[in-house]
Amino acid sequence: MEVDVSGTPKLASGSPPPLVVYDADIIILTISRVYETIAAVRSARRQTTFGGHGLGIHVIVLDQGSPESEFQVLAAALLTAGDVSLYRSSTNLGVAGGRNFLAQQGNGKIIVGLDNDAVFGGDHIVAQTIRRFADQPRLGAIGFQIRNGDGTCLDDSSWGYPQSLKPRRHTWFLTTTFVGAGHAIRRSAWQQAGGYDAKLFFTWEEYDFCRRAIKAGWQIGYDGSLAVWHKAANAERVGWRGARLGYFVRNRLVIARKWREPQLLLIVGYVLKGLLAGRFIATLAGIMAGLRWKLTSTHAMPPSMLAYLQQHEVNHRGSWWQRVQSELFRKRPAASG
């Protein structure tokens, strides 16, 4: 198995993606979740038909640091798969950088993202996703409904939308972000918006991408009929005690600064959350990192973008007091990974 010591991932098992354009890529990142990843890949490989018509699907996986023994199990499982590419990186590129790499390898018109500890809730989810994009030409990305590991109920920790929208979890609505555990992006929108900001590394990269896509005129949707079952495996999940909380706070402040938004209320809110959770030091470290972040440029929001954010995000968050109740005292959504 070849690994480039410079950090550039190399194809390690399976087959390279086709050079021609096809329907969809399904991309999966993994670290030390070999059996969950194999289950995710099997689920992805079943997404090939709809109504008797075949789909062009390729599954692309990036391992970002599994122990050698675990990686060999994964590589052996995918060795003869003509519709799967397994790449291996000698360094962890993060969620944002890893997904950028995977998206760049394929030629699918739709880029479907699946967590390595998740499976599709049916064998036609990708086909239905493709149809949704075909029916709505300005739709740039779709968030799926993230259900628990056996599909019996919503995964509350992965609800990344205003709480007032939760009663609509089985329906369709326009929104301003998606949850990475299960989502899809139109490749042309991904290219126009510039993909993810790899420097964010972990958490909020979806929201950052969606803002740029919205500015470019794309819509972001949530489709509750498209579901994945999310096992939320514990292996290699970064806990709120350390790095994950720091990334969460830092990256949201960075996004606010990118778009010239006021940051005082965000900072006060995170300080209160940190105090209530007993994580003040980690929260403060995230705040300082976000304020020290060197931005290469900032952007003013055009009126059309402001109107979209107001209609599909701000209006659903309610009054100041409602936001305190629903956001200050709620658990943070689980980041994908």
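What follows draws every value from the coordinates through simple rules; no lab data is involved. Predicted model, so just to flag it, every value in this text is computed and none were measured. A quick note on method: Cβ atoms are made from the backbone with ideal geometry, for glycine too, and the neighbour counts reach across all protein chains shown.
For a Förster distance of 51 Å, can you work out the FRET efficiency between the beta-carbons of Asp135 and Leu11, rounded to the nearest 0.05?
On the way: r = 35 Å, r/R0 = 0.69.
Calculated value: 0.90.
Want the number for Asp156 to Thr298: 0.36 nm per residue separation, take away the alpha-carbon distance, what's left? Display every interim value, and only then the final one.
Values: separation 142, 0.36 × 142 = 51.12 nm, distance 3.33 nm.
Full extension from Asp156 to Thr298 adds 47.8 nm.
Does anyone have the angle between helix 264-277 and the longest principal axis of the chain? Alpha-carbon axes, 0 to 90°, nearest 10?
70 degrees
Say the dipole of the chain comes from +1 at the beta carbon of Lys and Arg and -1 at that of Asp and Glu; which of Ala103, Gly143, Ser43 then lies farthest toward its positive end?
In the chain, that residue is Gly143.
Of all beta bridges DSSP finds with both residues in the chain, what is the antiparallel percent, to the nearest 5? Don't jump to the answer; show the numbers that get you there.
On the way: 22 of 47 bridges.
Approximately 45 percent, going by the DSSP bridge assignments.
What residue among Gly318, Gly182, Gly149 has the largest mean-square fluctuation in a Gaussian network model of the chain, using Cα springs under 10 Å?
Gly318
What is the total of Lys pairs in the chain with C-alpha atoms under 26 Å apart, excluding same-chain pairs fewer than 8 positions apart?
Lysine pairs meeting both conditions in the chain amount to 21.
Cα axis of helix 243-258 to longest principal axis of the chain: angle in degrees, 0 to 90, nearest 10?
70 degrees
For the chain, calculate the relative contact order in percent as a whole number, restricting contacts to Cα pairs under 8 Å that are 6 or more residues apart. Working shown, then result.
Working: 677 pairs, mean separation 63.5, N = 337.
Averaging sequence separation for qualifying contacts and normalising by length gives 19 percent for the chain.
Only Cα pairs under 8 Å and at least 6 apart count here; give the relative contact order of region 170-282 as a rounded whole percent.
Working: 100 pairs, mean separation 33.2, N = 113.
Answer for region 170-282 is 29 percent.
Assign one of three labels to region 250-314, namely rounded, prolate or oblate, based on the Cα gyration tensor with a ≥ b ≥ c the square roots of its eigenvalues; rounded applies when a/c is under 1.5, prolate when it is not and a/b is larger than b/c, and oblate otherwise. If you can, show how the numbers build up before the last one.
Working: a/c = 3.66, a/b = 1.60, b/c = 2.29.
Cα axes put region 250-314 in the oblate bin.
What residues qualify as long-range amide H neighbours of Val112, i.e. H under 5 Å apart, gap of 5 or more or another chain, H built at 1.01 Å from N?
Under 5 Å from the amide H of Val112 lie the amide H atoms of Asp25, Ile26, Ile27, Ile185, each far enough along the sequence or on another chain.
Put +1 on the Cβ of each Lys and Arg and -1 on the Cβ of each Asp and Glu in the chain; which of Phe173, Val126, Trp293 then has its Cα farthest toward the positive end of the dipole?
So the residue furthest toward the plus end is Trp293.
What order do you get for 280-286, 210-216 when each peptide is scored by the mean count of other beta carbon atoms within 10 Å, highest first? All intermediate terms of the calculation are to be shown ahead of the outcome.
Values: 280-286: 18.0, 210-216: 20.7.
Ranked from most to least packed, the peptides come out as 210-216, 280-286.
Tell me the mean residue ellipticity at 222 nm calculated for the chain from its helices only (DSSP H runs of n ≥ 4, each -39500 (n - 2.57), averaged over every residue, nearest 500). Walk me through the numbers before you get to the answer.
On the way: 11 runs with 118 residues, N = 337.
Mean residue ellipticity at 222 nm (helix-derived): -10500 deg cm²/dmol.
Region 191-230 to region 286-311: how many Å between their Cα centroids?
Each part's Cα centre sits 15 Å from the other's.
So how do 12-19, 137-144 stack up, highest first, on mean other-Cβ count within 10 Å? Before the final figure, lay out the partial values.
Numbers: 12-19: 17.1, 137-144: 21.2.
Output ranking for 12-19, 137-144: 137-144, 12-19.
From the square roots a ≥ b ≥ c of the eigenvalues of the alpha-carbon gyration tensor of region 176-315, which class results: rounded (a/c under 1.5), prolate (a/b over b/c), or oblate? Display every interim value, and only then the final one.
Working: a/c = 1.75, a/b = 1.20, b/c = 1.45.
In terms of gyration-tensor shape, oblate.
Cα axis of helix 280-292 to longest principal axis of the chain: angle in degrees, 0 to 90, nearest 10?
Tilt of helix 280-292: around 90 degrees.
Under a point-charge model restricted to the Cβ atoms of Lys and Arg (+1) and Asp and Glu (-1), what is the dipole moment magnitude of the chain relative to its Cα centre, in debye to the nearest 20? Could you put the intermediate results ahead of the total?
On the way: 39 positive and 25 negative charges, 258 e Å.
In debye, rounded to 20, the chain gives about 1240.
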